[in-house]
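The values are calculated or read from the model by the stated rules, or taken from the named source; none is laboratory data. Computed from a predicted model, the values in this text were never measured in an experiment. In this analysis, Cβ positions are derived from the backbone assuming ideal geometry, glycine residues included, and neighbour counts consider all displayed protein chains.
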Amino acid sequence: MTVLPHRLAEAALGGQAGRLIDRTKTIRFTFDGKTMSGFAGDTLASALMANGVRVVGRSFKYHRPRGLLGLGSEEPNGLVTIGEDNRLEPNVRATQVELYDGLTARSQNRWPSLQFDVGEINNRFSRYIPAGFYYKTFMHPRAFWKHIYEPVIRRAAGLGPAPKEADPDRYEHVHIHCDVLVVGGGIAGLAAARSAMEAGARVILADENSRLGGVSDLNDEKIEGENALAWISKTTEELAASETVHLLTRTTATGHFDHNYVVMCERVCDHDPARLKNGAPRHRLWKVRTKEVVLATGSIERPIAFADNDKPGVMLASAVRGYIARYAVTPGSAAVLFTNNDDAYRTFTALYDAGVTLTRIIDSRPAPDSILTDKAKALGIPLSFGSGISSVKTEDGGKCIAGVSVTSLTGGGGLNRPIGAECDFICMSGGFNPAVHLFSHGGGKLIYDEMLQAFRPGETRERIRVVGAANGVFETAKILAEGISAGWSAARDALPKGAVKGRAPRPPKADAQPISPSEPVWFVPAHGEKNEGNKHFLDFQNDVTVADVELANREGYRSVEHVKRYTTLGMATDQGKTSNINALGILSEALGKTIPEIGTTTFRPPYTPFSFGAFVGPVRGKLFQPVRRTPVQSWHEDMGAEFEPIGQWRRPYCYPKGSERRSDAVKREVMAVRNAAGLLDASTLGKIEVRGPDAGTFLDLIYTNTMSTLKVGRCRYGLMLNDSGFLFDDGVTVRFADEHFLVHTTSGNSDHIGGWLERWHQTEWPHLKVFMTPVTEQWAQFALAGPKAHAVLEALESDIDFSGRAFPFLSFKAGRLAGVPVRVYRISFSGELSFEIATPAGFGQYLWTALMKAGEGFDIAPYGTEALHVMRAEKGFIAIGDETDGTVTPLDLGLSWAVSKKKKDFIGKRALELPDLARNDRRHFIGLLTEDPQRVLPEGAQAVADPRARPPHRVIGYVSSTYFSPTLERSIAFGLIERGRERMGETIHFAVGGTMMPAEIVDPVFYDKEAERQNV
Amino acid sequence: MSEAEWLNALAHRTVELSGLVLAIEERFDVGMIDLRILPDDTESLAAAQRVLGIALPGEARTSTAGDGFTCLWFSVDQWLVTCDRTRTQEFTKSLSKALEGHFASVTDVSDMRAVIRLTGDAGRQVLMKCMSIDILSKEIRPGYVRRVNFGEIAGALRMVSNEPDCFELYVFRSYASYALDWLEEAARESAAIGKPFGPSPAPPV
């Protein structure tokens, strides 16, 4: 095929048509598996049009065949799936896809094919599936919804498929700041950017298209005596050459958030996927923080609600003009034009100049009068004023337009005899809506402009200016003046006072075309025998018609927000870009209220959908979450440790040997500690140094027990409550010197406790002279535990006397061990003789290896967190997060010995006196022994008050920790049980998998009740 | 017994970095001392200055550098003093001695953070992908210090010098590997963003 059916000849329009395409470069692509060709510079939409493709997709609900409606991001119909396999992306607007060699595109929501679709039967029965149909019909029986109705509806309705494989491409986020952000690179935006630049501001200008200039190339206007494009080129070059301007194309400002934080998505490689192979990011999310925003987002043309206005070939008038001027394509060979405004006459000119037959211009206004209308009159084009399209004749099963009927709208009631007009496409224009979306994101209020019959920006609390068509200004000269003035004043407000001197530059001269006012046309009555089957579409993407909105009104939906949700109007991926105002017009007539009285629904980000990849950015794979490494992490990995997440750490859970099972590894590790020696990496423990003359006083307020009485060189276990009296952290505090303490926190809580101490110091007790320095990361810390711990230490060179007499339980010594500086604490969480040894992190790996080597002859084994937990449970020690859940007091846990009765105050003291916390029927911490010693209670199992009662049971508590104890060779557990301490010896029952599991309430210390082992 | 070996935070990362727009290296010759003095305690400030030979910076987001010491402003009453790693204990002692009897805190934190140095004129462009601050601001010149959110972790940034731009990133030791992963991703040549606000080819119209 050499000449494509709808591509204009190169000589058309005096060689002016198709200014963006390069006819010397043919591009091959496929659509629904069929190979087609276009030119470099084409969009997928223009290339499809050139290939004579009329139907580009099927509609969401009725599966009606749909063609292109628009030219850019407003396109509701031309949604396609681009790419294949792991690079498949659904719901992309064909109008925004730049053509490249090898592009594969597929139409959506059709089966088995675009031309013949089974789902189109929905259209035949459409009169039975109006708005709210799902809600009314699929009510009974209840269970059917989940299993039958919803799956079927989901399959029938919908858009493109989601990719099934992981996205292979990369995405990134970039933070950037500026003085003035200009959104939109049409003449308004260019003028604003240039004037802000001249005022000395740092300016970012972003446009969603691949080129700047907006739609000025379609309006045949002159700036400073030249074609508008010449001025656009010159201005673009000036901006690009500047040291203070950053230009971004293919970049959509998707959302405006508080304090002028604007998120923009740049499509870096979509037009040139070859770059992906080198690792270039496919999309880049710009996170812009700007002092001032200038919105120059232009306007969106409105369709007109006439019968069958969704037939393939019914297009927006300005879009048709754009396809001719930019890509030298037309949707057909004979057109009618239906408008309520003068702008559409520019399309008539374009069609006329391109040699396309225009069979009739239909203008809803009774007597339009301007230069543009005069031209049509002069050229003898058949004109129907005060008229509308009352029906559309189609061929080929509704896929081709054959003609229209035109009826007078001014007949005062019934329809007049229609006039027929033959055509194969229709250009329509119902006026223009300012693109106010970004303005609304930040809470900007909209005002209804009667002249425009549209909403335009009103008040906002954000520092935003709106210019040009986005502000409802459509004359070139006024647009330029507004842009320049806004750019200058934005720069002046953004920069320090007095930095911008002088006055704004003079706006360039532009010829103003007098334009006669447009008149609203919300609805055009249908005409024809099967009148009632005709549909007047408002929302093309969600298949919402005028009748649906009227039905919603008849059924009592008065609020526009309710009508929106009931009919789904404006809720598709295009957020009602083309439908919003028309629907309000219909609602206004139905309710007998004015549009400002009805108001409008809220626009929300994103302006156009953007990829999940861009949203995620680099935060995937190994960057999905920060993972912390202890100084010995590599050793653990080399030993094949199994890890468990504790906060952002990955701690060894156990170290299986060869094919050893996890449970066997845990048993072996426990027995190693109980019988010989074990080494645990406890580097993750939180460590905070607390210094100053008031350090003791401060810690007395933080902990429930008294730290100020601690002797230098000694350690004390302490509890921290929150201000509600609930236990939330515990650990050992060490006193290094009179005014120098070290606080140990749990691993997961260390950052939180650091902040907690600062908060209380800074907000409640700033008079206390105390400094806190978190040093968690400074120290590698290991627990060497077991009866042979002494022997292991004695095998290493040290200036510390580790003997029991010189180094008693709960004391501290600093010195050197194996040639490195250490702090050693004699504390025990396992119940065995135990030393916690800290050394600067850089020596961690060395010291660990030295200890393991020294322990070789004593059967030392590294042990993980699970062995640690089994041993602490054997010893009756609680663990924060297991025995606490934010509702547990130290008294519940039987830890009242650690709660000072003498201290005047500490955090949580007053709360503990609350009647609810002092209740005697609270749940108590107790030990549990199952009747069958080999059965382990499931964690979280619920204890019932009466096992013989019929469910639902009254629950009296639950299992908080549960293990198989290798030391005792039986199962052990902890529970929090109502009045537990009063029930020692009682057997209670846990509901486990439909049966009751009995267990005896016992003292929680299962092993070495006399605590002799730690003093071996 | 073998000689005590000190390992840097990124010792386990042996892979050579390539295809990046700047040079990334870990500095492990830096000793670090956390110093706390109240800002209105002129006597203590003077005592510290006598040891360091330089004043502690009083202005936010700045640092002072002298003979063998750099003092980074961390908050109104906190500084990070950096020095030759081999002499940290000596300086910790002399600072502690000079501040004896004063309300102050001197803590050797040399092993707490990893220092990653970024050298190359694309430094700011890479950091734009790592943190939300206005890294292109003229305020950010040699000596500038700022505590930042780097990726998803806490960090501190210091601009060391320019021509070429050189930044140092201070992150907690356990996160050093994550920080390097993030930097490797951000600094890929294939993802270079070029000079923002610089002259650039004009986009088509």
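Among the candidates A:Gly398, A:Gly332, A:Gly380, which residue alone is surrounded by fewer than 24 Cβ atoms within 10 Å (Cβ to Cβ), assigned to a loop (DSSP other than H, G, I, E, B) and either aliphatic (A, V, I, L, M) or touching a helix residue (DSSP H, G or I) at 6+ places or on another chain (Cβ under 9 Å) (or both)?
One residue alone meets the criteria, A:Gly398.
For segment A:238-258, what are the residues that are within 28 Å of A:Thr43 (Cβ to Cβ) and facing chain B (nearest Cβ under 7 Å)?
Correct list: A:Ala240, A:Val245, A:His246, A:Leu247, A:Thr249.
Tell me yes or no: at least one residue of segment A:713-731 is part of a helix (DSSP H, G or I) and either away from chain B (no Cβ under 14 Å) or touching a Ser or Thr at 6+ places or on another chain (Cβ under 9 Å) (or both).
Scanning segment A:713-731 turns up no residue that is part of a helix (DSSP H, G or I) and either away from chain B (no Cβ under 14 Å) or touching a Ser or Thr at 6+ places or on another chain (Cβ under 9 Å) (or both).
Conditions first: (1) without any contact (Cβ under 8 Å) to a residue 60 or more places away in the chain; (2) at negative phi; (3) not in a strand (DSSP E or B); (4) not assigned by TED's automatic domain parsing to the domain that holds B:Gly66. B:Glu163 passes all but one, so which condition is the exception?
Condition not satisfied by B:Glu163: (2).
So which helices (runs of 4 or more DSSP H) stay within segment A:501-593 end to end and still have 2 or more residues that are farther than 26 Å from A:Ser364 by Cα?
Helices (runs of 4 or more DSSP H) meeting the threshold: A:546-554, A:560-567.
I'd like the residue in segment A:799-828 that is under 28 Å from A:Ser750 (Cβ atoms) and of a type in the set (Gly, Ala, Ser) and, out of all such residues, is farthest from the other protein chains (Cβ to nearest Cβ).
Filtering segment A:799-828 for residues that are under 28 Å from A:Ser750 (Cβ atoms) and of a type in the set (Gly, Ala, Ser), the one farthest from the other protein chains (Cβ to nearest Cβ) comes out as A:Ser828.
May I ask you to verify whether A:His924 is assigned by TED's automatic domain parsing to the domain that holds A:Ala1011 and surrounded by 14 or more Cβ atoms within 10 Å (Cβ to Cβ)?
Criteria met by A:His924.
Go through segment B:148-167 and give me each residue that's of a type in the set (Val, Ile, Thr) and either away from every other protein chain (no Cβ under 11 Å) or farther than 21 Å from B:Trp73 by Cα (or both).
B:Val160
Could you check, for segment A:202-210, whether at least one of its residues is buried (at least 17 other Cβ atoms within 10 Å of the Cβ), under 29 Å from A:Thr81 (Cβ atoms) and more than 14 Å from every other protein chain (Cβ to nearest Cβ)?
No; the residues of segment A:202-210 include none that is buried (at least 17 other Cβ atoms within 10 Å of the Cβ), under 29 Å from A:Thr81 (Cβ atoms) and more than 14 Å from every other protein chain (Cβ to nearest Cβ).
When only residues in segment B:37-62 that are charged (D, E, K, R) and in contact with a strand residue (DSSP E or B) (Cβ under 9 Å, 6 or more places away or on another chain) count, which is surrounded by the fewest Cβ atoms within 10 Å (Cβ to Cβ)? Before the answer, list the steps.
Residues of segment B:37-62 charged (D, E, K, R): B:40-41, B:43, B:50, B:59, B:61.
In the following step, the residues that additionally are in contact with a strand residue (DSSP E or B) (Cβ under 9 Å, 6 or more places away or on another chain) were identified as B:41, B:59, B:61.
Numbers: B:Asp41: 16, B:Glu59: 8, B:Arg61: 17.
In this case the residue turns out to be B:Glu59.
Can you tell me which residue among B:Val145, B:Val171, B:Val205 is over 25 Å from A:Arg250 (Cβ atoms) and either touching a Pro at 6+ places or on another chain (Cβ under 9 Å) or at the interface with chain A (Cβ under 7 Å from one of its Cβ atoms) (or both)?
Unique residue meeting the criteria: B:Val145.
Looking only at strands (runs of 3 or more DSSP E) that fall completely inside segment A:29-143, which ones have 2 or more residues that are surrounded by fewer than 24 Cβ atoms within 10 Å (Cβ to Cβ) and without any contact (Cβ under 8 Å) to a residue 12 or more places away in the chain?
In segment A:29-143, A:34-40 are the strands (runs of 3 or more DSSP E) which contain 2 or more residues that are surrounded by fewer than 24 Cβ atoms within 10 Å (Cβ to Cβ) and without any contact (Cβ under 8 Å) to a residue 12 or more places away in the chain.
Checking A:Trp635 against (1) out of contact with any strand residue (DSSP E or B) (no Cβ under 8 Å at 6 or more places or on another chain); (2) away from chain B (no Cβ under 14 Å); (3) aromatic (Phe, Trp, Tyr), only one condition comes out false. Which one?
Just one mismatch for A:Trp635, condition (2).
Can you tell me which residues in segment A:44-68 are in contact with a strand residue (DSSP E or B) (Cβ under 6 Å, 6 or more places away or on another chain) and under 15 Å from A:Lys311 (Cβ atoms)?
Matches in segment A:44-68: A:Val55, A:Gly57, A:Arg58, A:Ser59, A:His63, A:Arg66.
Residues that are part of a helix (DSSP H, G or I), closer than 30 Å to A:Arg629 by Cα, of a type in the set (Phe, Trp, Tyr) and within 11 Å of chain A (Cβ to nearest Cβ): does segment B:181-202 have at least one? Outline the logic, then answer.
In the first step, residues of segment B:181-202 are kept if they are part of a helix (DSSP H, G or I); the result is B:181-186, B:189-191.
So of that shortlist, the ones also closer than 30 Å to A:Arg629 by Cα come out as B:181-186, B:189-191.
Filter once more, so that each one left must be of a type in the set (Phe, Trp, Tyr): B:182.
Checking which are within 11 Å of chain A (Cβ to nearest Cβ) leaves us with B:182.
Within segment B:181-202, one or more residues are part of a helix (DSSP H, G or I), closer than 30 Å to A:Arg629 by Cα, of a type in the set (Phe, Trp, Tyr) and within 11 Å of chain A (Cβ to nearest Cβ).
If I ask for residues that are of a type outside the set (Ser, Thr, Tyr) and farther than 24 Å from A:Val524 by Cβ, which ones from segment A:556-596 would you list?
A:Gly556, A:Arg558, A:Glu561, A:His562, A:Arg565, A:Met571, A:Gln575 - these are the residues of segment A:556-596 that are of a type outside the set (Ser, Thr, Tyr) and farther than 24 Å from A:Val524 by Cβ.
Hey, A:Tyr846 hits all of (1) farther than 23 Å from A:Tyr653 by Cβ; (2) part of a helix (DSSP H, G or I); (3) touching a helix residue (DSSP H, G or I) at 6+ places or on another chain (Cβ under 7 Å) but one; which does it fall short on?
Unmet for A:Tyr846, out of (1) farther than 23 Å from A:Tyr653 by Cβ; (2) part of a helix (DSSP H, G or I); (3) touching a helix residue (DSSP H, G or I) at 6+ places or on another chain (Cβ under 7 Å): (3).
Looking at segment B:190-199, which of the residues that are of a type outside the set (D, E, K, R) and surrounded by fewer than 17 Cβ atoms within 10 Å (Cβ to Cβ) is modelled with the lowest pLDDT? Even if it seems obvious, please write down each step before you answer.
Step one: filter segment B:190-199 for residues of a type outside the set (D, E, K, R), giving B:190-194, B:196-199.
Narrowing the set further to residues that are surrounded by fewer than 17 Cβ atoms within 10 Å (Cβ to Cβ) leaves B:190, B:192, B:194, B:198-199.
Values: B:Ser190: 94, B:Ala192: 95, B:Gly194: 91, B:Gly198: 85, B:Pro199: 94.
That would be B:Gly198.
Scan segment A:578-593 and give yes if some residue there is hydroxyl-bearing (Ser, Thr, Tyr), surrounded by fewer than 24 Cβ atoms within 10 Å (Cβ to Cβ) and within 29 Å of the chain's Cα centre (by Cα), otherwise no.
No, segment A:578-593 contains no residue that is hydroxyl-bearing (Ser, Thr, Tyr), surrounded by fewer than 24 Cβ atoms within 10 Å (Cβ to Cβ) and within 29 Å of the chain's Cα centre (by Cα).
How about segment A:278-309: which of its residues are at the interface with another protein chain (Cβ under 9 Å from one of its Cβ atoms) and charged (D, E, K, R)?
Residues satisfying the conditions are A:Arg284, A:Lys287, A:Arg289.
I'd like the residue in segment B:94-125 that is within 13 Å of chain A (Cβ to nearest Cβ) and among the charged types (D, E, K, R) and, out of all such residues, is farthest from the chain's Cα centre (by Cα).
B:Glu100
Would you check if B:Ser18 is among the hydroxyl-bearing types (Ser, Thr, Tyr), touching a residue at least 24 places away in the same chain (Cβ under 8 Å) and out of contact with any Lys or Arg (no Cβ under 8 Å at 6 or more places or on another chain)?
no
Listed residues A:Val320, A:Val294, A:Val314; which is crowded, with 23+ Cβ neighbours inside 10 Å, in contact (Cβ under 8 Å) with a residue 24 or more places away in the chain and under 30 Å from A:Pro507 (Cα atoms)?
A:Val294
I'm trying to understand the selection: among the residues of segment B:63-79, which are within 14 Å of chain A (Cβ to nearest Cβ) and either touching a helix residue (DSSP H, G or I) at 6+ places or on another chain (Cβ under 6 Å) or crowded, with 22+ Cβ neighbours inside 10 Å (or both)?
B:Trp79
Give just the number: which of (1) surrounded by fewer than 20 Cβ atoms within 10 Å (Cβ to Cβ); (2) in a strand (DSSP E or B) does B:Glu139 not satisfy?
(2)
Only one of A:Ala454, A:Ala469, A:Ala494 is at pLDDT 95 or above, within 25 Å of A:Ala319 (Cα to Cα) and under 35 Å from the mean Cα position of the chain (by Cα). Can you tell me which? Walk me through it before giving the result.
Working: A:Ala454 fails: at pLDDT 95 or above; A:Ala494 fails: within 25 Å of A:Ala319 (Cα to Cα).
Just one listed residue meets the conditions, A:Ala469.
So which residues in segment B:29-38 are closer than 25 Å to A:Arg629 by Cα, out of contact with any Lys or Arg (no Cβ under 7 Å at 6 or more places or on another chain) and more than 8 Å from chain A (Cβ to nearest Cβ)? Let's see the steps before the verdict.
Just the residues of segment B:29-38 that are closer than 25 Å to A:Arg629 by Cα, to begin with: B:29-34.
Now restrict to residues that are out of contact with any Lys or Arg (no Cβ under 7 Å at 6 or more places or on another chain): B:33-34.
B:Ile33 - this is the single residue of segment B:29-38 that is closer than 25 Å to A:Arg629 by Cα, out of contact with any Lys or Arg (no Cβ under 7 Å at 6 or more places or on another chain) and more than 8 Å from chain A (Cβ to nearest Cβ).
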